[in-house]
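The values are calculated or read from the model by the stated rules, or taken from the named source; none is laboratory data. Everything quoted here is computed from the prediction, not taken from an experiment. Backbone-built Cβ (ideal geometry, glycine too); neighbour counts: all protein chains shown. For accessibility, only protein heavy atoms count, side chains too; no ligands or nucleic acids. Shrake-Rupley method; radii C 1.70, N 1.55, O 1.52, S 1.80 Å.
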Amino acid sequence: MDNAHTNTDETLVHSLWRTAKEDPNREAVRSYPDRPRDADPVVLSYGELDRRARALAAHLNDANPRGSRVVLAFPNTTEFCVAFFGCLYAGMVPVPAPLPLNPRGSRFSRLRGIVTASEASVVLTDTASIGPLAEQIDAAGGQEIACLATDASEGTDGRDGASGTLGSDRTWDGPAPRPDELALLQFTSGSTSEPRGVMVTHAGLRHNMELIRRGTGVPDGFRMVSWLPLYHDMGLIGGVLTPLMSGGSSALMSPISFVREPALWLERAGDLSVHAIVSPNFGYDLCLRRIDSARAADMDLSSVVTALNGAEPVDPATLSAFTDRFAPAGLAAEAVSPCYGMAEVGLYVTGSPAGERPVVRHVSAGALERDRLVPVEADDADARELTSCGVVPCGFDTLIVSPVDGTALPDGRVGEIWLRGPSVARGYWGLEEESARAFAAPAPVGTGQPSGEEEGSFLRTGDLGVCFEGQLYVTGRLKELIIVRGRNLYPQDLERLATDAHPELSGAGAAFGVPVDGVERVVVVHELDPANAGARPEELSALLMSEISGATDVPVDGVCFVAPGEIKRSTSGKIRRAHTRNLFVTGALGAFHEALNPALRETYRK
């Protein structure tokens, strides 16, 4: 196995202590206000982050035993970092969670579920959020839980708007965490199932961050700017913890600021001469739609060593267009890097090697439907582009395994991706059966790997992929695959065809299969502005059916149009297809137009 060079006894806490001692005035993290003209960024040095984390740890230790779970519900600010390291110093387990804006919204439901599932004893937030948050938690009932603001003065709970630092006249000086202790509970994004708390150890976290540094080629002390939410693994581990482990710095902005004006993200990257940026594919696509060539040319992205693209299927067209659009800003083609990862390994599995351009291959779409990768020429009528997510072997033992019979597959065959390595998490908190199914798969017979022993166990990722000529291609999610008469259809391909069918269909879509009389039927739900003065919904639904059916030779039995913003995404930006499918099946979709064939309507709209 290819292991990253790690000191097995050192944790993220040791790294922070060392930098705080050697260079206390070095910038660790800064956060920008939502409205750029509202105020200057808040900046924390390593020395200040260490001091405030120790003060918070002293307060937490007063009322909570070591190992307690502490939910962190913050906006993307420096206060989150104080809370996170305060928990680590105190020997407690931070549990990042979304900060709800609406007590009846999905974010509060998710937060409440995380508090319950993690059996947390404390919720930490800031003084601006604690009043509404505490009221929501109290109104929801359930377990007793303290709600504290990290920027409140000692002796208050922060609900009166007090300022200062919690426990500012006290300090903590306890033992460092052990490598085998939990570093955090990272709740999954929930794109195909209910969110589950992944138990990430200090040793696993350290190993994964070393993989990120080595795989991306960033220097020691590298700088990062991120808009990704800190309750998601890409925002937390990629955007904050990995830079801090290396003695670098992280600049934070809110997702709302990014969506409002994506150019701010890249302009700040230039202003700070950052080495790394990271986003799901839709973030780069948003930059392309909202930043014209003239504004792009005024930017300076020459310092960017890696622009990671992951967390959802990578669109080769987006990679190419982003490279072209920002080349005048100094962005190197070799910096644009597709990658693959998941919360169950911390964050990162593999990505395009540092200094190399992404590998994009033309393959037979028909062969891919039969679980085979067959290269074809670009002008072949059956050609489809696949983007490599990186090289194998990487920092893991990697197998492609048949979901049908559990046998290991050779290169060129599509199957489920199985992983084994030091980054793999301990399992799901409180879910022993699910943990055993996902994290304790014995090595398939015939692979030469030890089987039936703990050291031979693999993580079943639930992702479909194929290894070919040393590259790993991720093709989709096993649970989302649409199987029609023996053909494997990937929902992202159908959604891309829908988006390309007409300019008015530029929003998000979700494709899935539902059974009718024992046969899988294809349904596409797509966003459309009902007030749009263009083509009527009847015409657009007929066009969408025709375009997808013509391209795939598979009939589309249902098209539903919903208002913009109604297609839900996970915390990492993945389309929540299972959720959308459930809404369709239960009649709760809220579509303003449905075109369903008679058999589909008879089954699901009685």
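The single condition from (1) surrounded by fewer than 22 Cβ atoms within 10 Å (Cβ to Cβ); (2) in a helix (DSSP H, G or I) that Leu241 fails is (1). The strands (runs of 3 or more DSSP E) found wholly in the stretch 39-121 and carrying at least 1 residues that are farther than 20 Å from Met245 by Cα and out of contact with any Phe, Trp or Tyr (no Cβ under 7 Å at 6 or more places or on another chain) occupy 42-45, 69-73. Entry remark, the stretch 208-234: residues being buried (at least 24 other Cβ atoms within 10 Å of the Cβ) and out of contact with any helix residue (DSSP H, G or I) (no Cβ under 7 Å at 6 or more places or on another chain) number 6 in total.
One line per residue, one yes/no per condition, for (1) in a strand (DSSP E or B); (2) more than 30 Å from Ser302 (Cα to Cα); (3) modelled with pLDDT under 95:
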| site | (1), (2), (3) |
| --- | --- |
| Ser163 | no, yes, yes |
| Ser168 | no, yes, yes |
| Trp172 | no, yes, yes |
| Ala176 | no, yes, yes |
| Leu185 | yes, yes, no |
| Gly190 | no, yes, yes |
| His207 | no, no, no |
| Asp220 | no, no, yes |
| Pro229 | no, no, yes |
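Close contacts from the stretch 311-336, counting a first residue that is over 21 Å from Arg361 (Cβ atoms) and a second that is open to solvent by less than 40 Å² (accessible area, probe 1.4 Å) and among the charged types (D, E, K, R), with Cβ to Cβ under 9 Å and a gap of 6+ residues or different chains, come to Ala311/Asp233.
Scanning the stretch 412-444 for residues being part of a loop (DSSP other than H, G, I, E, B), in contact (Cβ under 8 Å) with a residue 60 or more places away in the chain and within 30 Å of Ser364 (Cβ to Cβ) gives a total of 1.
Of the set (1) more than 28 Å from Asp411 (Cα to Cα); (2) touching a Leu at 6+ places or on another chain (Cβ under 7 Å); (3) not basic (Lys, Arg), all apply to Gly351 but (1).
Within the stretch 238-289, which residues are touching a Pro at 6+ places or on another chain (Cβ under 6 Å) and either at positive phi or among the hydrophobic types (A, V, I, L, M, F, W, C) (or both)? Correct list: Leu286, Cys287.
Within the stretch 255-280, the set of residues being among the small types (Gly, Ala, Ser) and over 11 Å from Val225 (Cα atoms) comprises Ser257, Ala263. Exactly one residue out of Ala128, Ala90, Ala28, Ala97 is open to solvent by less than 10 Å² (accessible area, probe 1.4 Å), small (Gly, Ala, Ser) and more than 24 Å from the chain's Cα centre (by Cα), and it is Ala90. Of the residues making up the stretch 467-493, just one is assigned to a loop (DSSP other than H, G, I, E, B) and open to solvent by less than 20 Å² (accessible area, probe 1.4 Å), namely Tyr490. Within the bounds of the stretch 252-266, is there any residue that is open to solvent by 10 Å² or more (accessible area, probe 1.4 Å) and assigned to a loop (DSSP other than H, G, I, E, B)? Yes, because at least one residue in the stretch 252-266 is open to solvent by 10 Å² or more (accessible area, probe 1.4 Å) and assigned to a loop (DSSP other than H, G, I, E, B). Among the residues of the stretch 267-289, those that are part of a loop (DSSP other than H, G, I, E, B) and either touching a Phe, Trp or Tyr at 6+ places or on another chain (Cβ under 6 Å) or buried (at least 24 other Cβ atoms within 10 Å of the Cβ) (or both) comprise Val274, His275. Among the criteria (1) under 24 Å from the mean Cα position of the chain (by Cα); (2) open to solvent by less than 20 Å² (accessible area, probe 1.4 Å), the one Ala440 does not fulfil is (2).
Condition test on Gly158, is it buried (at least 23 other Cβ atoms within 10 Å of the Cβ), modelled with pLDDT under 90 and in a loop (DSSP other than H, G, I, E, B)? So Gly158 fits the description; yes.
Kindly check whether there is at least one residue in the stretch 290-297 that is in contact (Cβ under 8 Å) with a residue 24 or more places away in the chain, closer than 27 Å to Cys389 by Cβ and polar (S, T, N, Q). Checking the stretch 290-297: not a single residue is in contact (Cβ under 8 Å) with a residue 24 or more places away in the chain, closer than 27 Å to Cys389 by Cβ and polar (S, T, N, Q).
Looking across the stretch 318-333, not a single residue is of a type in the set (Ser, Thr, Tyr) and touching a Lys or Arg at 6+ places or on another chain (Cβ under 6 Å). Which of the residues belonging to the stretch 49-78 are open to solvent by 20 Å² or more (accessible area, probe 1.4 Å), in contact (Cβ under 8 Å) with a residue 24 or more places away in the chain and not basic (Lys, Arg)? The answer is Asp50, His59, Asn61, Ala63, Asn64, Gly67, Pro75, Thr77. Taking each residue of the stretch 384-411 that is without any contact (Cβ under 8 Å) to a residue 40 or more places away in the chain and looking for partners that are open to solvent by 30 Å² or more (accessible area, probe 1.4 Å) with beta-carbon atoms closer than 6 Å, six or more apart or interchain, yields Ser402/Leu409; Ala408/Thr447. At least 3 residues being open to solvent by 20 Å² or more (accessible area, probe 1.4 Å) is the threshold, and among the helices (runs of 4 or more DSSP H) wholly inside the stretch 290-390 those reaching it are 293-297, 316-326.
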